[in-house]
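Before any comments, here is the structure.
No lab work stands behind these numbers, since they all come straight from the coordinates. Just so we're clear, the structure is a prediction, and the values are computed from it rather than from any experiment. Backbone-built Cβ (ideal geometry, glycine too); neighbour counts: all protein chains shown.
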Amino acid sequence: MRRVIVRRSSVHGRGVFAMKPLAAGERVLQYKGEIMSWRNAVRRHQREGVEGHTFLFGLSDGSVIDGSRGGNSARWLNHACAPNCETIEDDGRIFIHTIRPIEPGEELFIEYLLATDGPLDEDVRAQYACRCAAKGCRRSMLANAA
């Protein structure tokens, strides 16, 4: 039986949901996609004029996984300020692990902790607004949104 499924999310667009109980610390998914440099990923993103979802996941070596190319259901994980999953990098791969037990039907969340190059003006803050509604929500998917 599949452990997760992608379906419509009340938080944003699509989300990843548990199909069966998941234990704390369980490896649920690998974030898959084409690995490339940030420069090429940004160039592709600008060239294709994609708005909204980008599916880019940065790695510690400075490269990025582009989940829009060869990606899997992990690209649909939504952000939450109080996530129930975490990402763990292992040898250039990203794995999604549960932080706590998750019940069937519950949506899986990670904390994005995004970064931008420019100043945090109102337009940027609006573009990266958080919709998780968790207690203590930062109201932003940005790491430096304070």
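What pairs can you find where one residue is in region 77-94 and within 16 Å of Gly58 (Cα to Cα), the other is part of a strand (DSSP E or B) and of a type in the set (Ser, Thr, Tyr), and their Cβ atoms are less than 6 Å apart, with a gap of 6+ or different chains?
Every condition considered, the pairs that remain are Ile94/Tyr31; Ile94/Thr87.
Would you mention how many residues in region 89-117 are among the β-branched types (Val, Ile, Thr) and assigned to a loop (DSSP other than H, G, I, E, B)?
Adding up the residues that qualify gives 2.
When residues of region 103-123 are filtered for being among the hydrophobic types (A, V, I, L, M, F, W, C) and without any contact (Cβ under 8 Å) to a residue 12 or more places away in the chain, how many remain? If you could, list the steps in order and put the result at the bottom.
If we filter region 103-123 for residues that are among the hydrophobic types (A, V, I, L, M, F, W, C), which is where we start, we get 108-110, 113-115, 120.
Now restrict to residues that are without any contact (Cβ under 8 Å) to a residue 12 or more places away in the chain: none.
So the count comes out to 0.
Okay, residues lined up against (1) surrounded by 13 or more Cβ atoms within 10 Å (Cβ to Cβ); (2) not charged (D, E, K, R):
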site	(1), (2)
Ala24	no, yes
Gly33	yes, yes
Asn40	yes, yes
Thr54	yes, yes
Asp61	no, no
Val64	yes, yes
Gly70	no, yes
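Would you check which residues across region 4-51 are part of a strand (DSSP E or B) and without any contact (Cβ under 8 Å) to a residue 12 or more places away in the chain and list them? Show your work before the answer.
Filtering region 4-51 for residues part of a strand (DSSP E or B) gives 4-8, 14-18, 22, 27-31, 34-37.
Arg7, Arg8, listed by residue number.
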